[in-house]
Structure formats: structure tokens, C-alpha cells
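The values are calculated or read from the model by the stated rules, or taken from the named source; none is laboratory data. Please read these numbers as outputs of a predicted model, since none were measured by experiment. Here the Cβ positions follow ideal geometry from the backbone for every residue, glycine too, while neighbour counts run over all protein chains shown. The accessibility values were calculated without ligands, DNA or RNA, using every heavy atom of the protein model including side chains. Shrake-Rupley method; radii C 1.70, N 1.55, O 1.52, S 1.80 Å.
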Amino acid sequence: MSQQQISLPAKLINGGIAGIVGVTCVFPIDLAKTRLQNQRAGQLVYKNMLDCLVKTVRTEGYFGMYRGAAVNLTLVTPEKAIKLAANDFFRQHLANNGKGLNVFKEMLAGCGAGMCQVVVTTPMEMLKIQLQDAGRVSAQQQKPVMMAPTKLGTTNTLLTRSYNSGTAVAAPRAVSATQIAKELLRTQGIQGLYRGLGATLMRDVPFSIVYFPLFANLNRLGKPNADGSSPFYWAFLSGCAAGSFAAVAVNPCDVVKTRLQSLNKGASEESYNGVMDCISKILRKEGPSAFLKGAGCRALVIAPLFGIAQVMYFVGVGEYILDNSPLRLLD
């Protein structure tokens, strides 16, 4: 991602810090994105992103906007580490005698990075979505309706008591990511945490294929000469532009992934049996425009995340930490 040679430990530190800072800054928008994507036609709880955030604060308090943030903050560092390390690994092995990569090879490297990161991304998104969408489900349930557990078995009382109780409540009962993970492991095994893996691959692989080459080429335009580096602001803008474009491009896949990973439904909301069934039902009942739900929110989330990542590289936070701590032994 950076135009200069940086050690792998420094890259991992930069990526981890960028992820933590970025998640903290934009998580409320990500929560709005999840809730908007899960809304069905005729059962709208929120009109737009701003309306979603206002209603969330009103019913769940300020920290309601950060429901599920702990999962992201915990797993974003290993996710970024895998993504950055994998992209560097594939770029290195695809390079010919130290020469630069052509666009096709840059896309291959991004594809490999996207395939590797889902090891962490899928369970992270799975747990985050349950926590983020709890408020929407509670608000959508306006009348007493006993909802059946969704593919979690009749004994899954932990996940159903908070979201599918069928009562209209102002705010959902708090359930931690650890509790949800334990219940999924107990009822479904490890595959429970990897529900929606196919849809996550559909989203993250194309995203990396688009993002990495696009950023590299946009950033190259800001270099004063072939051996120089682009200015700070240009690297930041390149990261934002490439990230937002890639985010909108794969938003239909993100909608499918969000729907498949949402275990708890509002009143009269249906379930989906796989990617194709989800796509078919969304097209038939909500139309093609449903695949663009939350696209603006997603662009607003992804752009600063990758812009901040470029700030970390430009400033050299990882290098400073390694040079001034015992961690320098890792370099």
C-alpha cells in the first residue's frame, strides 16, 4: 500500500492503528449502514442515515451507536495484518526481477489478499451484525408476534430472548459478542461463526481487486518523479477515493452478506437459503435498487478507513514504535 519499502512489522502496526482509529471514528455510520441494508420494503424503520442515527441515540443512548464496536476493535488489527501481509506476499511473488507489477498482477495480488482476510472478517462481521441490528429489530416489532429462531434450533434461548421476543421495546436487552459466539459454537459449531462465508468472499475479493490497483495508480499520479513519493494529502485522497469507489462497487454483495448473516429477524421478515436464494428474493420483492441500500454509508465508512491508513504510512508511526521500543527486535 505504501510507495516506499517498509518492514512487515511496521506495516502491521500501521494497519492495526489505522483500523482502530478508523473504526472508532466511523462506526456509527457503519451501524446505520447495517440497519438500512436489513430493512425490508413496507417495514421501514429509518428513512436515511441521519434519521437512523437520531433514532438510535433517542432510544438506545449515545453508546447505542457503538453497539458491536468492541468486536471490530478486537479483530480489526489481525484482519488488517492478514490483508496487508498477504497483499505484500503476493505482490512480491508476482513481481519480475524487482520490476513493477502490471494492473492484472496487481489485481491478482489483491484477490489473494481478499481471500486470506475472510478468515478473520467473516466471524467479525457475523458477531458485529447481530449486535448492530438488535435495535432495528426491536423497533420493527410493533406488535406481539412470537418469532421462531432462525436456524439456531429450539434450544437457542440466548439469541432469541433479546431480539425475537415479539414485544415492542425501546431498546434491546444487552447481549455480548462473547455470549453470541458461545451460543453459535454450542448449537452450530465453528461453521456457525462462518455463516455467510461465500457472500463475504463475494464482497472482499472484488473489493481488494478494485482497491489495491486503483490506489496504486491514483497515488502514482501524485509523484513528482518516478523515484519520488507522492505528497501526504495526495496519498490520503487516493486512499479515500479508491476505498469509496471500491466500496460502492461491491455494495450489492455487502447487502447479500448482511442479510445472510442476520440471524434475528423482525416481524414477518423472511430468511434466506444461501446466496442465490437471497439475491432472487431481494430482486423479486424489493427490486434492483435494494442492492444499493447503505451504499452512501458504506462509502463514508470505507473512505476514511483507507485514508487514515495512508496517514499512518506517511507519518511512519509503525517505524517510530519499532525504533523506540523492544519491538525493534522484530524488524
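See the values below:
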| item | result |
| --- | --- |
| Count - residues of segment 288-329 that are touching a residue at least 40 places away in the same chain (Cβ under 8 Å), open to solvent by less than 80 Å² (accessible area, probe 1.4 Å) and either not in a helix (DSSP H, G or I) or not acidic (D, E) (or both) | 28 |
| Within segment 87-107, tally of residues that are in a helix (DSSP H, G or I), without any contact (Cβ under 8 Å) to a residue 40 or more places away in the chain and open to solvent by 60 Å² or more (accessible area, probe 1.4 Å) | 6 |
| Hey, L193 within 20 Å of the chain's Cα centre (by Cα), open to solvent by less than 40 Å² (accessible area, probe 1.4 Å) and at pLDDT below 90 or not | no |
| Positions within segment 33-75 being assigned to a loop (DSSP other than H, G, I, E, B) and at negative phi, in sequence order | Q39, R40, A41, Q43, L44, V45, Y46, K47, N48, R67 |
| Pair list, Cβ under 6 Å, 6 or more apart: segment 223-249 residue farther than 13 Å from A309 by Cβ, other residue in a helix (DSSP H, G or I) and polar (S, T, N, Q) | S230/N219 |
| Any hit, segment 24-45, residues being among the small types (G, A, S) and open to solvent by 20 Å² or more (accessible area, probe 1.4 Å) | yes |
| Residue in segment 141-149 that is farther than 22 Å from Q191 by Cα, modelled with pLDDT under 50 and in contact with a Lys or Arg (Cβ under 8 Å, 6 or more places away or on another chain) present | yes |
